[in-house]
Amino acid sequence: MIEFPLLSLLTFLPLIGAFFIITIRGDSESVAQNAKYTALYTSIFVFVLSLYIMLTFNPDNGGFQFKEKVEWLPSLGISYTMGIDGISLFFVMLSTFLTPICILASWDAVKLRVKEYMIAFLVLETLMIGTFCALDLFLFYVFFEAVLIPMFLIIGIWGGPRKIYASYKFFLYTLLGSVLMLLAMLMLYSQTGISDVETLMQNPVAANLQYVLFLAFFASFAVKMPMWPVHTWLPDAHVEAPTAGSVILAGVLLKMGGYGFLRFSLPMFPEASDYFAPMIMTLSVIAIIYTSLVALVQEDMKKLIAYSSVAHMGFVTLGIFSMTTIGIQGGIFQMISHGLISAALFLCVGVVYDRLHTREMSRYGGIVKNMPKYATVFMIFMLGSAGLPGTSGFIGEFLSLLGTYQVNILMSLLAATGMILGAAYMLLLYRRVVFGPAENRDALAMPDLNSREIGILAPLAVMVILIGVYPAPLTSRIEPSVDRLMAIYQTNIGKTLEPKKATLVDAEPLNDSSEPISLTYKEQAHD
C-alpha cells in the first residue's frame with residue numbers, strides 16, 4: 001500500500017459530505033440551503049484533490065499509479081485494490097468536474113426533497129470514482145453495479161411525468177447486462193482463482209472460454225454505453241431525468257461501457273476481441289447512421305441530444321475495436337469530449353426549460369435577440385458536437401475514423417457520414433431554437449443567462465475549446481497507457497492457458513516473514 005491512500009480518500013470523501021447532510025436539522029428551508037452548500041463544498045474539494053492527482057501523475061508511466069492494496073477476503077484471494085493509469089485518470093477527472101456543476105445546475109430547479117437529492121449525488125460521485133479506480137474484479141463490480149441505485153432514485157423521484165417507467169426501464173436493462181457480467185466474473189475466477197485485474201490482463205484464459213466470457217462482458221458494456229440495438233432505454237431516461245441527472249448520465253455513466261471494453265475485453269479476451277471486432281464495428285456504423293437519422297426528426301430537444309449520444313458512442317466503439325493505437329486513443333478522447341459537450345448541451349436545454357417549461361423546439365425561435373449570451377455558448381457546444389475543427393469533438397472523431405481507416409476503409413467511409421448527419425441535426429436544432437421564427441412571446445420574454453448559469457457553462461465552453469486547440473495535456477497522459485494496452489493485447493494473442501485452478505501455492509516463509517508467496521500465472525504454467 002502507498003504511504004497515503006489518495007485514491008481511497010478521493011473515492012470516499014463524498015460519503016463524508018453525505019453523512020454531514022444526513023445530520024442537518026432545522027426547518028425545511030434552512031435544511032435545503034445547508035444541504036446544497038455542504039454538497040457543493042464537498043464536491044469542489046473532491047475536484048481539487050483530483051486535480052492534484054492529475055498534476056502529480058507521471059505521464060511517462062503507462063502502468064498503474066497511486067496503487068493501494070489491502071486484503072479484503074484473504075481466504076478467497078480477493079483484495080481491495082485501487083489504482084489509475086492514463087486511461088482511467090480522465091474519467092475520474094470527468095466525474096469530479098461534472099459533479100459540482102450538476103449541484104449548481106440543481107440549485108433552484110430542485111425544490112422537492114433537496115436533502116435526499118444532494119445525498120444521492122454525493123453517493124453517486126463515490127461510486128463513479130470507485131468504478132474507474134477499482135483494480136479487482138469484484139470490487140469493480142460492486143461500484144459498477146451500485147451506480148444504478150442513486151441514478152434510479154434521481155430519475156424516479158425527481159424526474160418528469162413518465163419518471164417511473166423510465167427509471168425502471170433504465171434499471172432493468174442495465175441490471176440484466178450486469179448479471180451476465182457477474183456470472184462471467186465468477187466463471188473467470190473459478191478457472192483462475194485470481195480476481196486481480198492487473199494479473200488477469202497479463203494472463204488471458206483459454207481461447208475456448210474467451211468467447212463466452214467476452215459475450216457476457218459485452219452484454220453489460222454494450223447496454224451501458226449504449227450500443228445499437230440495446231439503446232432504447234437511453235432516450236426515455238434522458239427525457240424524464242432532471243437536468244443534472246441527464247448531465248451525469250451522458251457525461252459519465254455512458255463512459256463506463258467504453259472503459260470496460262478497454263480495461264477488460266481487449267487485454268483479457270484478446271482472441272475473442274479480435275474475432276468479434278468486425279461485428280462490433282458493423283453495429284457501431286449502424287448506430288452512427290441510424291440514430292443520426294432518428295435525431296433528425298425529433299421535436300424534443302432532449303431526445304435529439306440523447307440519440308446523438310448513441311451516435312457519438314458509435315465512434316467510440318469503432319475506434320476501440322479498430323485495434324489500432326490511434327483508434328483507441330480516438331475512442332478515449334471521444335468519450336472525454338462527449339462527456340463535456342453532451343453535459344453542456346443538456347445544461348443548455350435545462351436553462352430554457354426552467355424558463356418556459358417545455359422542450360419542444362417549435363415553442364422557441366428568435367431567442368438570439370433576448371438571449372445573446374445563451375446563443376453564444378449554445379453555439380460553441382453545438383459546433384463541438386458537430387465535430388468542428390478547433391473543438392474537442394473533432395479530435396476524437398477524427399482519430400477514431402483514422403484508426404478505423406487503417407483496418408477497414410469501407411467502415412471508415414460509412415462512419416464518416418455520421419459527421420455530416422451530426423452537423424445536420426445539430427444545425428437544425430440551433431436554427432429552430434435560436435434563429436427560428438419569433439412567434440412565441442413567452443420565448444421572447446425569457447431573460448438571458450444569470451451569473452450562476454454563466455458560472456456553470458463557461459468552464460465547459462473553455463474546456464471544449466482548450467482541449468480542441470491544445471489536446472497535448474490529455475494525449476500525453478493517455479498515450480503511454482494505450483501503448484501498454486496494445487502491447488499486452490498483441491502479446492496475449494495466441495498466448496492462452498488451459499483452464500486451471502490458479503491458487504495461492506504453499507510456500508515456505510521467506511526469511512523471517514510469515515507471508516506466503518504466490519506464483520504468477522506464467523510461473524505456474526512453466527512449473
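The values are calculated or read from the model by the stated rules, or taken from the named source; none is laboratory data. None of these values were measured; they are calculated from a predicted model. Glycine gets a Cβ as well: all are built from the backbone with ideal geometry, and neighbour counts include every protein chain shown. Heads up: the accessible areas ignore ligands, DNA and RNA and are worked out on the full protein's heavy atoms, side chains in. Shrake-Rupley method; radii C 1.70, N 1.55, O 1.52, S 1.80 Å.
Would you mind stating whether L94 is touching a Gly at 6+ places or on another chain (Cβ under 6 Å), at pLDDT 90 or above and part of a helix (DSSP H, G or I)?
Numbers: touching a Gly at 6+ places or on another chain (Cβ under 6 Å): yes; at pLDDT 90 or above: yes; part of a helix (DSSP H, G or I): yes.
Yes.
Within the stretch 319-334, no residue that is farther than 15 Å from M227 by Cβ and in contact (Cβ under 8 Å) with a residue 12 or more places away in the chain sits with its Cβ atom under 8 Å from a residue that is of a type in the set (K, R) and surrounded by 24 or more Cβ atoms within 10 Å (Cβ to Cβ) at 6+ positions apart or across chains.
Among the residues of the stretch 7-22, just one is open to solvent by 20 Å² or more (accessible area, probe 1.4 Å), in contact (Cβ under 8 Å) with a residue 40 or more places away in the chain and either basic (K, R) or over 16 Å from S95 (Cα atoms) (or both), namely I22.
Quick check on the stretch 355-378. Is at least one of its residues closer than 20 Å to I467 by Cβ and either in contact (Cβ under 8 Å) with a residue 40 or more places away in the chain or crowded, with 24+ Cβ neighbours inside 10 Å (or both)? Steps first, please.
The initial filter retains those residues of the stretch 355-378 that are closer than 20 Å to I467 by Cβ, namely 376-378.
Add one more test, that the residue is either in contact (Cβ under 8 Å) with a residue 40 or more places away in the chain or crowded, with 24+ Cβ neighbours inside 10 Å (or both), and what stays is 377-378.
Yes - at least one qualifying residue is present in the stretch 355-378.
From the residues in the stretch 231-246 that are among the β-branched types (V, I, T) and within 18 Å of A295 (Cβ to Cβ), which one is most open to solvent (accessible area, probe 1.4 Å)? This residue is T232. Applying the criterion of being open to solvent by 10 Å² or more (accessible area, probe 1.4 Å) and polar (S, T, N, Q) to the residues of the stretch 311-354, the residue that is nearest to P100 (Cα to Cα) is Q329.
Within the stretch 11-30, which residues are touching a helix residue (DSSP H, G or I) at 6+ places or on another chain (Cβ under 8 Å) and farther than 16 Å from F121 by Cβ? Quick ask: steps written out before the conclusion?
Applying the first criterion (touching a helix residue (DSSP H, G or I) at 6+ places or on another chain (Cβ under 8 Å)) to the stretch 11-30 yields 11-18, 20-22, 24-26.
Scanning the stretch 11-30 gives R25, G26.
Take E71 and tell me if it is out of contact with any Phe, Trp or Tyr (no Cβ under 8 Å at 6 or more places or on another chain), farther than 25 Å from C348 by Cα and free of Cβ contacts under 8 Å to residues at least 12 places away in the same chain. Taking the combined requirement at face value, the residue does not satisfy it.
From the list I119, I157, pick out the single residue that is farther than 30 Å from F64 by Cβ, at pLDDT 90 or above, hydrophobic (A, V, I, L, M, F, W, C) and open to solvent by 10 Å² or more (accessible area, probe 1.4 Å). Even if it seems obvious, please write down each step before you answer.
Working: I157 fails: at pLDDT 90 or above.
It is I119.
Put simply, of L112, L94 the only residue that is under 22 Å from F346 (Cβ atoms) and either of a type in the set (V, I, T) or crowded, with 17+ Cβ neighbours inside 10 Å (or both) is L94.
Here the stretch 157-167 is the region considered, the condition is being touching a residue at least 12 places away in the same chain (Cβ under 8 Å) and in a helix (DSSP H, G or I), and the residue that is farthest from V247 (Cα to Cα) is Y165. The residues in the stretch 188-243 that are part of a loop (DSSP other than H, G, I, E, B), among the polar types (S, T, N, Q) and under 26 Å from S75 (Cα atoms) can be counted, and the count is 2. In the stretch 210-222, the residues that are over 16 Å from L176 (Cα atoms) form Cβ pairs under 6 Å with partners that are at pLDDT below 90 and assigned to a helix (DSSP H, G or I), at six or more places apart or across chains, as follows: Q210/E271; Q210/A272; Y211/A272.
Of the residues D60, D85, which single one is surrounded by 22 or more Cβ atoms within 10 Å (Cβ to Cβ), acidic (D, E) and more than 19 Å from I248 (Cα to Cα)? Before the answer, list the steps.
On the way: D60 fails: surrounded by 22 or more Cβ atoms within 10 Å (Cβ to Cβ).
D85 is the lone residue from the list that is surrounded by 22 or more Cβ atoms within 10 Å (Cβ to Cβ), acidic (D, E) and more than 19 Å from I248 (Cα to Cα).
Looking across the stretch 183-208, the residues that are open to solvent by 50 Å² or more (accessible area, probe 1.4 Å), within 25 Å of the chain's Cα centre (by Cα) and touching a residue at least 12 places away in the same chain (Cβ under 8 Å) come down to L183, Q202. Every condition in (1) over 22 Å from G314 (Cα atoms); (2) open to solvent by less than 10 Å² (accessible area, probe 1.4 Å); (3) not aromatic (F, W, Y) is met by S178 except one, and the failing one is (1). V212 meets each of the listed conditions (1) farther than 16 Å from L266 by Cα; (2) modelled with pLDDT of 85 or more apart from (1).
Only one residue in V464, V482, V433, V407 is touching a residue at least 60 places away in the same chain (Cβ under 8 Å), buried (at least 16 other Cβ atoms within 10 Å of the Cβ) and not in a helix (DSSP H, G or I), so which one is that?
On the way: V464 fails: not in a helix (DSSP H, G or I); V482 fails: not in a helix (DSSP H, G or I); V433 fails: not in a helix (DSSP H, G or I).
Only one candidate passes the filter, namely V407.
Please tell me if L266 is open to solvent by less than 10 Å² (accessible area, probe 1.4 Å), assigned to a helix (DSSP H, G or I), at pLDDT below 90 and closer than 27 Å to S95 by Cα. Yes, satisfied. If the condition is being of a type in the set (V, I, T), surrounded by 13 or more Cβ atoms within 10 Å (Cβ to Cβ) and more than 15 Å from T96 (Cβ to Cβ), then the stretch 23-44 contributes I24, V31, T38.
Scanning the stretch 281-293 turns up no residue that is open to solvent by less than 10 Å² (accessible area, probe 1.4 Å), free of Cβ contacts under 8 Å to residues at least 60 places away in the same chain and over 20 Å from L340 (Cα atoms).
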